[in-house]
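Visitor: My structure is below; once you've seen it, I'll send some questions.
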């Protein structure tokens with residue numbers, strides 16, 4: 001009887017159902033690991049093309065140092081994105097933090113630890129301001145944070161007087177922040193620690209998971225007892241703190257305060273966060289995906305530069321990657337919703 005039932009079930013099942021299931025699982029696996037595979041391919045291709053320089057210690061350390069800022073800003077963008085909001089102020093905010101950490105030490109002789117603490121507190125206040133504009137006053141996050149970013153850019157130019165602040169009398173302990181420890185630059189170690197903290201926050205805490213509930217459906221989040229306003233405001237505060245930390249590290253890397261340096265990080269940060277949403281956990285922003293996306297883009301662009309691409313390719317590169325990343329993230333989110341309904 002059991003054998004007959006099994007044969008009947010088999011006969012009723014579509015002949016290619018198991019193949020489709022296996023194909024679907026395989027497709028999901030490729031999608032989840034797509035960025036990791038892309039990173040490996042980038043390393044393999046450019047190592048073959050430039051074996052003496054691409055993976056040299058100097059190039060890798062330089063990339064890890066400089067891309068720490070981009071990665072932290074991608075994390076800063078990622079947190080509000082989880083709630084469905086944009087923080088368009090991160091580029092201008094990191095520029096302000098960078099000139100403050102140099103100017104407060106160079107011109108006002110403030111201890112670097114005190115200066116860094118003040119900048120991080122200021123970052124939280126800026127995030128709070130953005131969050132209140134969006135959550136309490138209902139202003140579009142795109143408009144509100146773009147407006148606040150321009151205000152910050154004005155403050156930055158006022159603080160510098162339109163001139164570069166050269167850190168000629170900075171303490172040695174501060175100038176050594178960008179130095180390697182056991183071959184790994186200190187900024188990269190800071191980024192790893194913050195990545196672990198963010199991963200635990202997103203994946204293991206109620207507050208972190210609440211961000212995704214709010215991003216998927218605010219009405220449903222409210223019905224489950226989540227304070228939507230507070231969650232959105234908290235997301236912007238976290239974004240402000242991460243941006244401030246990135247600005248302090250950027251100042252330690254450049255050792256100068258330049259008002260125009262911050263906005264150029266805006267597009268790469270958004271590209272890293274959006275592209276990260278297409279892999280590991282397709283359809284939503286995630287820490288590991290953002291980390292892999294930022295590293296992949298950094299090593300890819302470094303390889304393109306080493307094979308002789310002109311400087312202006314960077315602008316085509318950043319713009320094109322951002323468009324592709326947004327398109328892929330929307331597609332991944334759509335696929336994620338379709339699988340959730342099925």
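Quick note: the coordinates plus some simple rules give every number you see, no bench work behind them. For clarity, every value in this text was computed on a predicted model and none was experimentally measured. Glycine gets a Cβ as well: all are built from the backbone with ideal geometry, and neighbour counts include every protein chain shown.
Visitor: For the stretch 191-342, rounded, prolate or oblate, judged on the Cα gyration tensor with a ≥ b ≥ c (square roots of eigenvalues), a/c < 1.5 rounded, else prolate if a/b > b/c? Show your work: numbers first, answer last.
Guide: Values: a/c = 2.34, a/b = 1.44, b/c = 1.62.
Here the stretch 191-342 falls in the oblate category.
Visitor: Among (i) 144; (ii) 180; (iii) 132, which is the computed volume of the Cα convex hull per residue in Å³?
Guide: Identified label for the calculated read-out: (ii).
Visitor: For Cα pairs less than 8 Å apart in space and 6+ apart in sequence, what is the mean separation divided by the residue count of the stretch 55-259, i.e. the relative contact order in percent?
Guide: This gives 45 percent for the stretch 55-259.
Visitor: Could you work out the helix-only [θ] at 222 nm for the chain, with each DSSP H run of four or more residues adding -39,500 (n - 2.57) and the total divided by the number of residues, to the nearest 500 deg cm²/dmol? Please list the in-between numbers first.
Guide: Numbers: 15 runs with 253 residues, N = 342.
After summing the helix terms and dividing by the residues of the chain, the value is -25000 deg cm²/dmol.
Visitor: Then there's this: Quick one: angle between helix 228-254 and the longest Cα principal axis of the chain, in degrees between 0 and 90, rounded to 10, please.
Guide: 50 degrees
Visitor: Next question. Please list, by residue number, everything in the stretch 258-284 whose backbone N is under 17 Å from a paramagnetic label point 7 Å out along Cα→Cβ of residue 220.
Guide: Zone members listed by number: 282-284.
Visitor: Next question. Suppose a student asked you for the relative contact order of the chain, using Cα pairs under 8 Å spaced at least 6 residues apart; what percent would you report? If you can, show how the numbers build up before the last one.
Guide: Details: 499 pairs, mean separation 104.4, N = 342.
Worked out over the chain, it gives 31 percent.
Visitor: Right, here's the next one. Between the alpha-carbon centers of the stretch 246-293 and the stretch 90-117, tell me the distance in whole angstrom.
Guide: Result: 20 Å between the Cα centres.
Visitor: So how far, in whole Å, is the C-alpha centre of the stretch 169-199 from the one of the stretch 138-152?
Guide: Value for the Cα centre distance between the two parts: 31 Å.
Visitor: If you fit an axis through the alpha-carbon atoms of helix 266-276 and take the longest principal axis of the Cα set of the chain, what angle between them do you get, 0 to 90°, nearest 10?
Guide: Taking the Cα atoms of the chain, the angle to 266-276 is about 20 degrees.
Visitor: Round to the nearest 0.05 the FRET efficiency obtained for residue 44 and residue 323 when R0 = 22 Å and r is the Cβ-Cβ distance.
Guide: Details: r = 26 Å, r/R0 = 1.18.
In this case the efficiency is close to 0.25.
Visitor: Could you work out how far the C-alpha centroid of the stretch 311-329 sits from that of the stretch 34-75, in angstrom?
Guide: Here the answer is 17 Å between Cα centres.
Visitor: Report the gain in length on full extension from residue 142 to residue 229: 0.36 nm times residue separation, minus Cα-Cα distance, nm rounded to one decimal.
Guide: Values: separation 87, 0.36 × 87 = 31.32 nm, distance 1.67 nm.
Full extension of this stretch gives 29.6 nm more.
Visitor: Is the C-alpha gyration tensor of the stretch 169-247 telling us rounded, prolate or oblate? Criteria: a/c under 1.5 is rounded; beyond that, a/b larger than b/c is prolate, otherwise oblate.
Guide: Numbers: a/c = 5.17, a/b = 2.55, b/c = 2.02.
Judged from the Cα gyration tensor, the stretch 169-247 comes out prolate (a/c at least 1.5, a/b above b/c).
Visitor: Taking Cα atoms, how many degrees apart are the long axis of helix 141-160 and the longest axis of the chain, rounded to 10 and kept between 0 and 90?
Guide: In the chain, helix 141-160 runs at an angle near 20 degrees to the longest axis.
Visitor: Mind running the shape call on the stretch 55-259? Use the C-alpha gyration tensor, a ≥ b ≥ c as the square roots of the eigenvalues: rounded below 1.5 for a/c, prolate if a/b tops b/c, oblate otherwise. Present the calculation step by step, with values, prior to reporting the outcome.
Guide: On the way: a/c = 2.46, a/b = 1.49, b/c = 1.65.
Oblate.
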